[in-house]
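S.K.: If you scroll down you'll find the structure; I have some questions about it.
The values are calculated or read from the model by the stated rules, or taken from the named source; none is laboratory data. Just so it is clear, the model here is predicted, and its values are computed rather than measured. All Cβ positions, even for glycine, are placed from backbone atoms using ideal geometry, and neighbour counts span all protein chains on display. Just so you know, the surface numbers come from the protein's heavy atoms only, side chains and all, with ligands and any DNA or RNA stripped out. Shrake-Rupley method; radii C 1.70, N 1.55, O 1.52, S 1.80 Å.
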Amino acid sequence: MSTTEQAHDDPILTRADIMARLGVSRETVRQWLKAKRLPEPDVALSRKTVGWKRSTLAAAGVNL
């Protein structure tokens, strides 16, 4: 499987993606991170933007 195929199978989701898909606010995502209801992000996309692999979220019980 190529890297491109892997990226499509396990995309990186940003905080904004999570907020939009779950219909929650930035503050809710922050609280979930603090309470360990969301795992720590997998990657830093920039200085201010982090992301999660969909598989990491699924393993933590977050189904998007």
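S.K.: With runs of 4+ DSSP H residues as the only contributors, calculate the mean residue ellipticity of the chain at 222 nm using -39,500 (n - 2.57) per run, divided by the residue total and rounded to the nearest 500.
M.R.: -12000 deg cm²/dmol
S.K.: Let me ask another. Heavy-atom accessible area per residue, the chain, 1.4 Å probe: how many Å²? Kindly include the intermediate steps, with their values, before the conclusion.
M.R.: Values: 4560 Å² over 64 residues.
I get 71 Å² per residue for the chain.
S.K.: Still on this structure, I have one more. Considering the options His8, Thr56, Val29, tell which one lies farthest towards the positive end of the dipole of the chain, charges being +1 on Lys and Arg and -1 on Asp and Glu at the Cβ, about the Cα centre.
M.R.: Val29
S.K.: Magnitude of the Cβ-charge dipole of the chain, K/R +1 and D/E -1, about the Cα centre, nearest 20 debye?
M.R.: Working: 11 positive and 7 negative charges, 92 e Å.
Rounded to the nearest 20 debye, it is 440 debye.
S.K.: Tell me, what % of the accessible area of the chain is carbon and sulfur with a 1.4 angstrom probe? The partial results should precede the final answer.
M.R.: Values: 2280 of 4560 Å².
Carbon plus sulfur share of accessible area: 50 percent.
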